[in-house]
Amino acid sequence: MRRPYRKPLVVMAPKKLLKFRAASSELDEFKTGLRFKRVLEDTNDNLVADEDVRKVVYCSGQVYYDLDAARKKRGIDDIAIIRIEQIAPFPFRSIRHASDKYVNARQFWAQEEPKNAGSW
């Protein structure tokens, strides 16, 4: 709206997340000075200590909510799920910070699509 010309907004998001409470943001998250986070680290309160995490799963999009639900259902607390919110350009520095945190963990990428159709 601030630009001198009109440009349409195209949202490439699945409809599932539009009314999904866990995927929404609070109004405070849009304050002046706050920035877009390219990588969102795990927010599980029951996650074990960083050095005891055995797997780190990176993902993007709505598959995070499916992985998190499965983790909660099975009571798994030693797998961290890190969300990549921006695929291109890939946030290598932010990923390095997150991966260095879990020194003893194996790292995986998860996606819903086949390997040749997704972010992989």
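Laboratory data are not the source of any read-out in this text; all were calculated from the coordinates shown. This is a predicted model, so every value here is computed, not measured. When we count neighbours, we look across all protein chains shown, and the Cβ atoms used for this are built from the backbone with ideal geometry, even at glycine.
Strictly over 25 Å apart at the Cα level, which of 31/73; 16/115; 16/72; 19/55; 37/73; 7/115 would you flag in this model? Pairs exceeding 25 Å: 31/73; 19/55; 37/73; 7/115. For the range 51-120, the fraction of C-alpha pairs more than 14 angstrom apart is 61%. Tell me, how many Å apart are the Cα centres for the range 84-106 and for the range 1-68? Result: 15 Å between the Cα centres. Compactness check for the chain: Cα Rg over 2.2 N^0.38 Å is 1.20.
Per residue of the chain, the DSSP helices (runs of n ≥ 4 H) give a summed -39500 (n - 2.57) that works out to -5500 deg cm²/dmol at 222 nm. Compared with the dominant Cα axis of the chain, that is its longest principal axis, helix 63-74 is turned about 30°.
Dipole magnitude for the chain: about 800 debye, using +1 per Lys or Arg Cβ and -1 per Asp or Glu Cβ, origin at the Cα centre.
Taking Cα atoms, how many degrees apart are the long axis of helix 92-101 and the longest axis of the chain, rounded to 10 and kept between 0 and 90? Computed tilt is about 30 degrees. Can you pull out the trypsin sites (Lys or Arg not before Pro) in the range 15-107 that DSSP calls coil and that have at most 10 other Cβ atoms within 10 Å? Answer in residue order: 19, 31, 35. Using C-alpha pairs under 8 Å with a sequence gap of at least 6, the mean separation divided by the residue count of the chain gives a relative contact order of 31 percent.
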